[in-house]
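One structure is given here, and the rest of the page talks about it.
What follows is calculated from the coordinates using simple rules that are stated; it is not laboratory data. This is a predicted model, so every value here is computed, not measured. Heads up, the Cβs are rebuilt from the backbone with ideal geometry, glycines too, and the neighbour counts pull from every protein chain shown.
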Amino acid sequence: MSAHDDIFRYEEEEAMDQFLAEQLRQLAEAPVFTYLARNGDAIEERVQQCIAEAAALSNVGFHGAALVRSAAGLEIAIRFYLARPLVQGAFLSEEWAALLSTKILNGRTAEDRDLLPAILRNWGINITTVTLVDGRQMWERVLGHVWLRRNDYVHKGALGSKDDARLAAECLDALLKQVVAPIAKRLGFTREETGKWSVVLSSHDRRINPPIKYDTDSPFKDAADKGDRQGQHDK
């Protein structure tokens, strides 16, 4: 076999490896895209409600309530933008996705607190390097301050400060812009242009190819339905 044949075989094997890797990537990303295309608009609306209410509450001096609303926005974004779709994209069941997202949000152990960073590393995102305006690490501030201050306000009657409310809002903004937005772009969403997760512009000639519109749903509807069924059962 000549050197030319060796080079050709090597290039053929490399091309096949790249093809298989791309097929596996698409296979893993397909359920994530489907979930966000259907549910992304409802999640976006809920998060934006939290942001708007937090700002309004903080403006009139209700900083503890503002902290709670921003923290709620963080929980929604982590659970429904990240943990649930990305874990289901790893071919795990919805029940496993719900369990892991709960452990991420509770963060009782070091292993729990490292779950989200570990999931995101598979997507090429290091959440521990996401920083706030002042240079502090966003994820560390969420775990080490925002959750704690929110819990103190809700469960111990502690006062929420203006700085607490502002920090929670900044953490939510950083999470959306530096984590959620890059994942959406990687998956092919065009939210910046359409304002919708459910409307995706073509990556080819848009003068010829119309936008693709997906049927929408809401993950919160499922939670409400389960709550109603549980209430009926308790009666």
Listing 80, 62 from the residue with the fewest other Cβ atoms within 10 Å to the one with the most, what is the order?
-> 62, 80
Expected sort for 152-163, 117-128 on mean C-beta neighbours within 10 Å, highest first, is 117-128, 152-163
Inter-label distance, nm, simple model (7 Å from Cα along the C-beta direction), residue 145/residue 158 | 1.3 nm
